[in-house]
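Inspection log for the structure reproduced underneath, given as structure tokens.
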Amino acid sequence: MKILVINGPNLNMLGVREKNIYGDKTYASLIKSIKMHAKDKGVKVKCYQSNCEGEIVTAIQKAYKKFDGIVINPGAYTHTSIALLDALKCVQIPTVEVHISNVNEREEFRKISFVREYAFLTIAGKGFDGYLEAIDKLIEKN
Ligand code: DQA
């Protein structure tokens with residue numbers, strides 16, 4: 001099984017950005033724990049991060065027939081991007097949406113998610129563990 005983990009804008013700045021919300025662990029440490037977890041579970045994982053909406057659309061398109069599951073934290077594009085939703089609908093790959101923070105208990109605009117329309121599950125507010133849980137849920141579904 002092959003899983004693509006996508007992180008959107010500003011998630012490369014984990015460990016620097018708003019530590020009170022996202023914690024002090026870095027993006028590199030997130031990727032390390034995702035890779036260790038995938039290895040433990042016997043699945044292949046590719047991690048991708050971009051600050052550009054179109055590049056994320058392209059990454060999703062390229063996953064067509066190549067990946068069996070997607071974990072996506074679209075960052076702020078969660079709340080704005082129909083293009084990401086449409087790309088996920090194109091490729092029809094089972095998807096879990098992840099947010100490090102609890103988007104439902106923050107500003108009103110963070111409660112809106114276009115990606116949620118396609119994802120079979122949304123995990124929010126569980127920190128980095130949310131990504132690991134998302135991988136488990138994709139394995140269960142496969
Ligand atoms: C986020 C929540 C978004 O609202 C925000 O724009 C992010 C990160 C999260 O992981 O909690 O960049 O997706």
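Listing for the model above:
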| item | result |
| --- | --- |
| Any pair with Cβ under 7 angstrom, 6 or more apart, that starts in the stretch 67-96 at a residue that is within 21 Å of residue 34 (Cα to Cα) and ends at one that is open to solvent by 30 Å² or more (accessible area, probe 1.4 Å) and of a type in the set (S, T, N, Q) | 68/142; 69/142; 75/10 |
| Test: residue in the stretch 10-22 that is more than 11 Å from the ligand (Cβ to nearest atom), closer than 21 Å to residue 124 by Cα and buried (at least 18 other Cβ atoms within 10 Å of the Cβ) | no |
| Residues within the stretch 132-142 that are within 20 Å of residue 87 (Cβ to Cβ) and surrounded by 17 or more Cβ atoms within 10 Å (Cβ to Cβ), tallied | 2 |
| Some residue of the stretch 46-53 being of a type outside the set (A, V, I, L, M, F, W, C), farther than 11 Å from residue 4 by Cα, touching an Asp or Glu at 6+ places or on another chain (Cβ under 9 Å) and open to solvent by 30 Å² or more (accessible area, probe 1.4 Å) | no |
| Subset of the stretch 16-49 (residues that are assigned to a helix (DSSP H, G or I) and under 13 Å from the mean Cα position of the chain (by Cα)) | 27, 30, 31, 34 |
| Residue check, residue 6 surrounded by 21 or more Cβ atoms within 10 Å (Cβ to Cβ), within 16 Å of the ligand (Cβ to nearest atom) and not in a helix (DSSP H, G or I) | yes |
| Conditions (1) over 13 Å from residue 6 (Cβ atoms); (2) crowded, with 18+ Cβ neighbours inside 10 Å; (3) out of contact with any Asp or Glu (no Cβ under 6 Å at 6 or more places or on another chain): number failed by residue 85 | (3) |
| Residue within the stretch 57-80 that is open to solvent by 10 Å² or more (accessible area, probe 1.4 Å), more than 18 Å from residue 12 (Cα to Cα) and either touching a Gly at 6+ places or on another chain (Cβ under 9 Å) or within 16 Å of the ligand (Cβ to nearest atom) (or both) present | yes |
| Residue 119 vs. criteria over 24 Å from residue 15 (Cβ atoms), within 13 Å of the chain's Cα centre (by Cα) and either open to solvent by less than 40 Å² (accessible area, probe 1.4 Å) or not aliphatic (A, V, I, L, M) (or both) | yes |
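The values are calculated or read from the model by the stated rules, or taken from the named source; none is laboratory data. The structure presented is a predicted model; accordingly, all values stated were derived computationally and were not measured. Reconstructed Cβ throughout: ideal geometry from the backbone, glycine too, with neighbour counts over all protein chains shown. These accessible areas exclude ligands, DNA and RNA; they are computed on the full protein's heavy atoms, side chains included. Shrake-Rupley method; radii C 1.70, N 1.55, O 1.52, S 1.80 Å.
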